[in-house]
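A.B. asks: One structure is given below, represented as structure tokens, and several questions about it will come after.
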Amino acid sequence: MTTRNTTEVVVGGAVLAAAVAFVLYAGQIAGLGGSGGSYTLHGSFRTADGIGVGTDVRLAGVKIGTVTSLSLNPQTFFADATISVPEGIEVPLDSSLLISSEGLLGGNFVEIQPGGALENVEPGGEIEDTQGSVSLISLLMAFVGGRESDSGSTSDPAMP
């Protein structure tokens, strides 16, 4: 009987250790680990469709941070975003913030396009150059609308 109890305790311990390892790994992937400090940067977008708190912030395609808050500015009617960036990454003063898409069916993320300035944005500072999300429906409507006017002008014999 003691062999069976010992085996159950060992197997239970192994399962518990695997569960703890999984939780730690999931926390690291989600960015919840204590891997150094970070600082915040701010930006205002005309439209912030597709992003929210927790959205990835990427630099050169690599996730470096997350969106920590998103709110409407009642004076400008822009979406004010706050992002966190690790302390070791310095963002040049003339950098841009863009809302980019992973593809037609992918999600959106905030992309930092670094500039060439020698000065860096101070912690808590604002990145002035921003580009909001682009609506796929608006692009399709512009494409279809542009095509109709082009084909109409070339097929009309009275027009040169």
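The values are calculated or read from the model by the stated rules, or taken from the named source; none is laboratory data. None of the values given here were measured: they were computed from a predicted structure. Counting neighbours? That spans all protein chains shown, and the Cβs are built from the backbone with ideal geometry, glycine included.
A.B. asks: Limited to region 83-97, what total is found for residues that are among the β-branched types (Val, Ile, Thr) and surrounded by fewer than 16 Cβ atoms within 10 Å (Cβ to Cβ)?
C.D. replies: 1
A.B. asks: Quick check: anything in region 54-62 within 20 Å of Gly37 (Cβ to Cβ), among the acidic types (Asp, Glu) and part of a strand (DSSP E or B)?
C.D. replies: Checking region 54-62: at least one residue is within 20 Å of Gly37 (Cβ to Cβ), among the acidic types (Asp, Glu) and part of a strand (DSSP E or B).
A.B. asks: Would you check if Phe77 is of a type in the set (A, V, I, L, M, F, W, C), surrounded by fewer than 17 Cβ atoms within 10 Å (Cβ to Cβ) and either assigned by TED's automatic domain parsing to the domain that holds Glu119 or modelled with pLDDT of 90 or more (or both)?
C.D. replies: yes
A.B. asks: How many of the residues in region 42-69 are modelled with pLDDT of 90 or more and touching a Gly at 6+ places or on another chain (Cβ under 6 Å)?
C.D. replies: Qualifying residue count for the region: 4.
A.B. asks: Which is surrounded by 11 or more Cβ atoms within 10 Å (Cβ to Cβ) and not hydrophobic (A, V, I, L, M, F, W, C), of Gly103, Gly61, Gly43?
C.D. replies: Checking each option against the conditions leaves just Gly43.
A.B. asks: Between residues in region 89-105 that are under 18 Å from Gln131 (Cβ atoms) and residues that are among the hydroxyl-bearing types (Ser, Thr, Tyr) and at pLDDT below 90, which pairs lie under 7 Å by C-beta distance while being six or more apart or on different chains?
C.D. replies: That search, which allows pairs on different chains as well, returns Ser96/Thr130; Leu97/Thr130; Ile99/Ser133.
A.B. asks: Return the only residue of Glu111, Glu90 being within 11 Å of the chain's Cα centre (by Cα) and either assigned to a loop (DSSP other than H, G, I, E, B) or modelled with pLDDT of 90 or more (or both).
C.D. replies: On inspection, the qualifying residue turns out to be Glu111.
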